[in-house]
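Chemist: Take this structure first; my questions come after.
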Amino acid sequence: MNFSTWMSAIQRRTEATLEAVLPSPGLAPARLHEAMRYAVLGGGKRVRPLLCHAAGSIFGVGSNLLDAPAAAVELIHAYSLAHDDLPCMDDDVLRRGKPTCHVEFDEATALLVGDALQTLAFLMLSNRLPGIAPARQLEMLHLLASASGSRGMAGGQAIDLAAVNQQLTLAELEFMHIHKTGALIRAAVLLGAHCGEAMPEALESLGRFANRIGLLFQVVDDILDAEASTATLGKTAGKDAAQNKPTYVNILGVNQAKLMADKLRQDAHDALAPFGELAVRLHELTDFIVERTF
Ligand code: GRG
């Protein structure tokens, strides 16, 4: 199966899993459920579920087993986007080519959407996963919780909010992104590997790979924010400069940022060396992250 057929298949099954786990809009409280579905369904590249499935495929894990952890990570991601777009954070009106959740509904609903999506993620991941030992599943819950919290994504967001109008060094910028964007990307990869009962050395190599692509994802995001249009991105372009936020592009300049992306891409490929051909989907996703246009 070529990469694009594989990617579409995983995106379709992710959509179906999310559709099935999200409460029906007919169920009370209807407006909250409608807003949760609005924030999650019918948009997004589903990069994190793709990474989870790709990591699981190294160990021969069937897609059926990977669907729940992959969707759980996507629910955390969708929650973070709904909260990030709120006026008290990034204050944005466009996300995935449509009005942001608080614009389409209202602020209080968007806040509750994030809360409810986050707990739904843990509900999903705490359901019995066939073939996974309970101790391993507990480790997976621990992994997703710590990646999402104050030592992970939420902490990265706090650093990001505090960085507006500040000069950051490259090291400080990297620290912020390792947490804000990288932590959840790493969790996606490692959850897939845990489904395959990966040994500690394999988890370590994949952790190294994930750290590289987490940063790579962000460098490319900064380049796209500076160079692509709002119509292509489906979110407001040029936002970082407008908000006077430190980015790889404004610290390094666009050419150096592109060189940094090339280096991270090579390091990511190198980190996959122990898995040989088995890591083909992760190699392909690494290239997709660089070559994406939105
Ligand atoms: C509110 C706790 C909390 C955290 C928010 C992820 C995040 C932290 C904020 C999003 C802001 C942002 C633009 C981050 C840069 C990288 C990023 C996560 C981009 C959006 O992810 P994609 O490109 O989006 O995977 P899609 O829509 O394809 O899912």
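Chemist: Per 10 Å bin, what is the whole-percent P(r) computed from every C-alpha pair distance within the range 130-184?
Modeler: 25, 38, 21, 11, 4
Chemist: Here's something else I'd like to know. Going toward the positive end of the dipole of the range 129-243, with +1 on Lys and Arg Cβ and -1 on Asp and Glu Cβ, which of 224, 234, 190 do you reach last?
Modeler: 190
Chemist: Still on this model: Whole-Hz Karplus ³J(HN,Hα) for the range 195-207, in order, using 6.51 cos²θ - 1.76 cosθ + 1.60 and θ = phi - 60°, x for Gly and Pro?
Modeler: Computed from phi, the couplings for the range 195-207 are 4, x, 6, 4, 7, x, 5, 5, 4, 5, 4, 5, x Hz.
Chemist: Using the Cα centre of the chain as the reference point, and only Cβ charges (+1 on K/R, -1 on D/E), how large is the resulting charge dipole? Debye, rounded to the nearest 20.
Modeler: 440 debye
Chemist: Could you go through the range 8-19 in sequence order and give the Karplus-derived ³J(HN,Hα) for each residue, using 6.51 cos²θ - 1.76 cosθ + 1.60 with θ = phi - 60°, rounded to whole Hz, and x for Gly and Pro?
Modeler: 4, 5, 5, 4, 5, 6, 5, 4, 5, 5, 5, 4
Chemist: Here is a follow-up. Roll a 1.4 angstrom probe over the protein heavy atoms and tell me the percent of accessible area of the chain that is carbon or sulfur. Don't jump to the answer; show the numbers that get you there.
Modeler: Numbers: 7260 of 12580 Å².
The value for the chain is 58 percent carbon and sulfur by accessible area.
Chemist: Please grab the % of Cα pairs in the range 192-248 that end up more than 13 Å from each other.
Modeler: So the pairs more than 13 Å apart make up 67 percent of the total in the range 192-248.
Chemist: Could you sort 239, 263 by accessible area so the largest value comes first, with the probe set to 1.4 Å?
Modeler: 263, 239
Chemist: Starting from the 7 Å offset along Cα-to-Cβ, what nm value, one decimal, do you get for the label separation of residue 27 and residue 251?
Modeler: 4.3 nm
Chemist: Suppose a student asked you for the relative contact order of the range 22-168, using Cα pairs under 8 Å spaced at least 6 residues apart; what percent would you report?
Modeler: Values: 130 pairs, mean separation 31.4, N = 147.
Rounded, it is 21 percent for the range 22-168.
Chemist: Right, next: By how many nm would the segment from residue 41 to residue 142 grow when fully extended, if each residue of separation counts as 0.36 nm and the alpha-carbon distance is taken off?
Modeler: Result for the pair: 33.8 nm of gain on full extension.
Chemist: With +1 on each Lys and Arg Cβ and -1 on each Asp and Glu Cβ, how big is the dipole of the range 24-147 about its Cα centre, in debye rounded to the nearest 20?
Modeler: 580 debye
Chemist: What percent do you get for the relative contact order of the chain when only Cα pairs under 8 Å and 6+ apart count?
Modeler: Contact order relative to length: 20 percent.
Chemist: Near the amide H of residue 95, under 5 Å away, which other amide H atoms are found, from residues 5 or more places off or on another chain, if H is placed in the peptide plane?
Modeler: 100
Chemist: Among the lysines, which have Cα under 21 Å from the Cα of residue 239 when same-chain residues fewer than 8 positions away are ignored?
Modeler: 45, 98, 180, 258
Chemist: Please state the relative contact order of the range 37-98 as a whole percent: Cα pairs under 8 Å, 6+ residues apart?
Modeler: In percent, rounded to a whole number, it is 34.
Chemist: What's the center-to-center distance, using Cα atoms, between the range 15-41 and the range 188-227 in Å?
Modeler: 29 Å
Chemist: Run the dipole for the range 249-294 about the Cα centre, Lys and Arg Cβ at +1, Asp and Glu Cβ at -1, nothing else charged, and hand back the magnitude in debye, nearest 20.
Modeler: Numbers: 5 positive and 7 negative charges, 40 e Å.
About 200 debye.
Chemist: Mind grabbing the accessible area of residue 247 for me, 1.4 Å probe, Å², rounded to tens?
Modeler: Residue 247 exposes around 10 Å² with every protein chain in place.
Chemist: Continuing with the same structure: Hey, what's the chain come to in accessible area per residue, 1.4 Å probe, Å²?
Modeler: On the way: 12580 Å² over 294 residues.
Value for the chain: 43 Å² per residue.
Chemist: Sticking with this structure for a sec: Under a GNM of the chain (C-alpha, springs under 10 Å), which listed residue has the highest mean-square fluctuation: 58, 76, 213?
Modeler: The residue that fluctuates most here is 58.
Chemist: Would you work out which of 149, 110, 94 lies farthest towards the positive end of the dipole of the range 74-155, given +1 charges on the beta-carbon of Lys and Arg and -1 on that of Asp and Glu, about the Cα centre?
Modeler: 149
The values are calculated or read from the model by the stated rules, or taken from the named source; none is laboratory data. Just so it is clear, the model here is predicted, and its values are computed rather than measured. With ideal geometry, Cβ positions are generated from the backbone for all residues, glycine too; neighbour counts draw on all protein chains shown. Each accessible area value is taken on the protein alone, full model and side chains, heavy atoms only, with ligands, DNA and RNA left out. Shrake-Rupley method; radii C 1.70, N 1.55, O 1.52, S 1.80 Å.
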